[in-house]
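Okay, structure first, notes after.
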Amino acid sequence: MDLSLLADNTVKLALAAAVVASLVLSPAARALARRWGVLDNPDGARKHHGRPVPLWGGVAVYLALVVGLLVVRFAGTGSSEFDQLSTTVILACGLVCLVGCVDDSRDLNARFKLLLQILSVIPVVLAGYYFDRVVAFGYPIELGWLGIPLTVLWLVGCINSLNLLDGLDGLASVVGVSASLIMAVIAVNTGHPQVGIVALILAASLGGFLFYNLPPASIFLGDSGSMVIGLLVGMISIQGALKTSATLSIAVPAVVMSVPMLDTVFAIVRRKLSGQPFDAADRGHIHHRLLERGLTNWQALCIIGALCLTTGAAATAATLLSFEWVGWITAIALVVVLIRTRAFGHHEVALAKQQVTAAFRRYQGGAVAQTPAVAAAETPPTWNETWTALLEEVGTRAVGGFELLLANRTSQLRYSWRKSGPQAPARITSSPLVVKFTHSSGVFCQMHLLDVEATVDQTDILPRVKTLLEAMVTAWQFSGDTQPPATLRVEFHHVAVELPRKAA
C-alpha cells in the first residue's frame, strides 16, 4: 500500500460513507436508547443538562466506522495489512462497544468492567499488534515479552482516559477527532498509510456524530462510544508511531494522549490520597475546573480541544524533525501552565505535597500536624463528609440557618441554608454570629450563623464551626468539589461567581 492511496477515490468514498452513516445512525441510536430507557439523567451535582439525554451514541459511531472500513476492503483498494488491521479493529472495538452498551444500561461494577475491558483488547495482542522495543529520549529499550502486558495496559489506559474525560457535551468526540487527525498525519509520514486510513475513518465517523453531540447535545456517546474512541486512538497511536514492525517511539503516543492521560492520572491521585474509591464520581476533572471558573460549555470545549491540538502538533513536529524533545517539552510546559494558573492539577499537587510532608515527618520521628477533620484520621476528610458534619453541627443547634462564603483569588462560592417549620428557633439574638478566617491555603472563609437563639453558648459553637470549616476548605483544596452532597441538595442554594482578575 503506497502513500498515494490516501488520495484514492475509494478512500474518499469511505470517508463520505462514514460521515453519512453516522448522520443517519445517530438518530436511530437516540430513538432506541430512549425507547429502552438508556438515558443520562441530570442530578444537579455533576450532570447539569436540563433533561434526560439518550446514551448509546457510540453504537452509531462504531457502525459508521465499520461501514467506512468495509468500503475500503470491498473496493479492493486495501492491502493485506489493511485487511488484517481493519478486522482487528472491528472485532476489538465491537467487543468494547458491547461492554459499554451493557454498562450504559446496567451500570457495571468497576472491577468487573475493568476485567471486560482487558478481555476486549486481547484480540489486538493476539493479532500481533504489540511492541517489544521502545525508543525513549533516543535510547532503545528492549522489553521482550513485557511488551505484551504493557500494550494491554496502554490500551486499557486509553479506554479509561477517554471514558473519564467524557463529562461535557462533545468533549470525547472532539478529543477523538483531534487525536485521530493528528495520528493520520503522523502515520502517513512514518510509512503506515493503512493506519492513517483507519484514523481518518474514525475522524469521519465522529464528525457526523458531532452534529448531534455538540452543546446542547441531543445524544451522548455513553461508555459504548468513549471506550471505542479510547481503544482505537490507543491502537492507532502506537501503530502509527512504530519505527519498525515492533519498535515504538514512545514520545508520539504519550504526547498525543497527554491531556486525557493527565486528567486520568490526577483523578487517580485525587481519589487515592483523599480516601475515595477509584470509581467515585467527583467534580475534579479538567472540564469541571474550567466550568467552575465561569466558562460556558462551548468555551471549555474549545480550550480543551485547543490543548489537544497543541500537543498533537508538538508530536507531529517531533516526528517530522526526528527530535522527540519537542513533544516532551511542549507536554511538560502545558502541565506546568495548567498547575501554575490553577486551571487544573493544583489541588492534586497540594494533596501529594501534604502526603509527602507527612511521610517525611513520620520518618523523622516528629509530630505530624493533623488536618482539622470531622473525625481523627490520617487522610483528609472528603468534601461530602465535611458538609454532612457541618449540617449536623448547625442543624442540632438552636440556629435558623447560615450563609457561607469561600473565596480564593479567582472565584467565590456562596452557600445558604435555612431551617423551616417547627425546627426554626423562637428567640433569636439581635445580630448573626460570624466566623471569619483565612485558611493556610489562601482561601478566605466567612460564615454568618442566622437566627441564633439567645440561649446558644457562643464560646462553644464558634470554635466547633471554625474547625469544621477548616476541614471543609482542606477537602475543597484536595477533592476539587464545590457542591454539597446530593442528599442535601434540596436544602442548599449554591452560587459560583468568577472574580475579575487584577491588572498586572
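Before moving on, here are some points about what is shown:
- Once the Cα-Cα distance is subtracted from the 0.36 nm per residue extended length, the Gln84 to Thr296 segment shows a gain of 72.0 nm.
- Spin-label model, Leu320 to Trp145: label points 7 Å out along the Cα-to-beta-carbon direction sit 4.3 nm apart.
- Dividing the convex hull volume of the alpha-carbon atoms in the stretch 324-363 by its residue count gives 71 Å³ per residue.
- For the stretch 78-189, the per residue solvent-accessible surface stands at 43 Å², with DNA, RNA and ligands left out and a 1.4 Å probe.
- What separates the Cα centres of the stretch 190-213 and the stretch 70-146 is a distance of 16 Å.
- Where labels lie 7 Å past Cα in the beta-carbon direction, separation of Gln458 and Ala350 in nm: 3.0 nm
- For the stretch 228-339, the calculated P(r) over all alpha carbon pairs, in 10 Å bins from 0 to the bin holding the longest distance, is 13, 37, 34, 14, 2 percent.
- Total formal charge among the other residues, if their Cβ is under 13 angstrom from that of Lys243, Lys/Arg +1 and Asp/Glu -1: -1
- What the phi angles of the stretch 134-143 give under the Karplus curve with 6.51, -1.76 and 1.60, with θ = phi - 60°, is a coupling list of 10, 10, 10, 6, x, 10, x, 10, 7, 9 Hz, glycine and proline written as x.
- With q set to 0.18 Å⁻¹, the log10 of I(q)/I(0) for the stretch 206-278, from the Debye formula over equal scatterers at the Cα positions, is -0.93.
- Coordinate range of the alpha-carbon atoms in the stretch 138-202 per principal axis, descending: 42, 27, 20 Å.
- Longest to shortest principal axis, alpha-carbon extents of the stretch 274-344, angstrom: 41, 31, 22
- As a fraction of the 1.4 Å probe accessible area of the stretch 60-171, surface on carbon and sulfur atoms comes out at 66 percent.
- Exposure check, 1.4 Å probe, all protein chains in place: Leu126 carries approximately 140 Å² of accessible surface.
The values are calculated or read from the model by the stated rules, or taken from the named source; none is laboratory data. Being a predicted model, the structure only gives us computed values, none of them experimental. Methodologically, a virtual Cβ is constructed for each residue, glycine included, from the backbone with ideal geometry; neighbour enumeration extends over all protein chains shown. For the accessible areas, the whole protein counts, side chains as well, though only heavy atoms, and no ligand, DNA or RNA atoms are used. Shrake-Rupley method; radii C 1.70, N 1.55, O 1.52, S 1.80 Å.
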